[in-house]
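Heads up: the structure comes next, in structure tokens.
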Amino acid sequence: MVRTILVVDDDDNTRHGLGLGLRSLGYRIRFAESAPVALDVLRAYPVDIVISDHFMPGMSGLELLKLVRARHPDTIRIMLTGHADMELAIEAINRGEIYRFLMKPCDRQELGIALQLAFQQLDLRRENQRLLALVRSNPKLAAYLNEVPAASIPKP
């Protein structure tokens, strides 16, 4: 399965550099030079992760990622910025707008690890949703799981 990442940054060089690095890791990359363009891309294509710069004209990355969270809650959101604002990072992470806050220039290895962890979390969420749908669609299984203590359910 090809993973898709949307890179949002008003700087052409940053978008291009991130794109080269991410493609070399095997990801499909989509680009947006502004928040409105990013929202258009998200309406048109499925995206697993959005990596957005924070300081952009018109709409900040945090504002964009808040909208992404509201409209595409399963999309992982990562903020990339050249300005260290720890209060912003802590607030954004604690309120759930972003998964990670990375500083520019971002070390390729650090970004790769952050993306691996993000995709692991995304896979776990999707598997939990699949299992929950399975349980909800099978009343006998739901009843069994409600009656049996979790410790006694056999592990795979």
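The values are calculated or read from the model by the stated rules, or taken from the named source; none is laboratory data. Bear in mind that the values here come from a model prediction, so they are computed numbers and not experimental data. In this analysis, Cβ positions are derived from the backbone assuming ideal geometry, glycine residues included, and neighbour counts consider all displayed protein chains.
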Looking only at the stretch 5-59, filter to residues that are of a type in the set (Gly, Ala, Ser) and over 18 Å from the mean Cα position of the chain (by Cα); which one of those is modelled with the highest pLDDT? GLY58
Within the stretch 107-156, how many residues turn out to be modelled with pLDDT under 80 and in contact with a strand residue (DSSP E or B) (Cβ under 9 Å, 6 or more places away or on another chain)? 0
Residues (outside any loop (DSSP other than H, G, I, E, B), among the acidic types (Asp, Glu) and in contact (Cβ under 8 Å) with a residue 12 or more places away in the chain) located in the stretch 30-64: ASP53, GLU63
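Each row is one residue, and each column tells you yes or no for (1) basic (Lys, Arg); (2) closer than 20 Å to ALA89 by Cβ.
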| position | (1), (2) |
| --- | --- |
| ARG15 | yes, no |
| GLY21 | no, no |
| TYR27 | no, no |
| PHE31 | no, no |
| VAL37 | no, no |
| TYR45 | no, no |
| ASP53 | no, yes |
| LEU62 | no, yes |
May I ask you to list pairs of residues, at least six apart or on different chains, whose Cβ atoms are under 6 Å apart, with the first in the stretch 65-90 being among the polar types (S, T, N, Q) and the second being surrounded by 12 or more Cβ atoms within 10 Å (Cβ to Cβ) and in a loop (DSSP other than H, G, I, E, B)? THR75/VAL47; THR81/HIS54
When you look at PRO73, is it over 16 Å from LEU18 (Cβ atoms) and part of a loop (DSSP other than H, G, I, E, B), yes or no? yes
For the stretch 16-29, what are the residues that are without any contact (Cβ under 8 Å) to a residue 24 or more places away in the chain and of a type in the set (Gly, Ala, Ser)? GLY17, GLY19, SER24
For the stretch 68-85, which positions are modelled with pLDDT of 75 or more, among the aliphatic types (A, V, I, L, M) and surrounded by fewer than 16 Cβ atoms within 10 Å (Cβ to Cβ)? ALA70
Has the stretch 113-123 got any residue that is in contact with a Phe, Trp or Tyr (Cβ under 6 Å, 6 or more places away or on another chain), at negative phi and of a type in the set (A, V, I, L, M, F, W, C)? yes
Note on the stretch 1-15: residues hydrophobic (A, V, I, L, M, F, W, C) and without any contact (Cβ under 8 Å) to a residue 60 or more places away in the chain are MET1, VAL2, LEU6, VAL7, VAL8
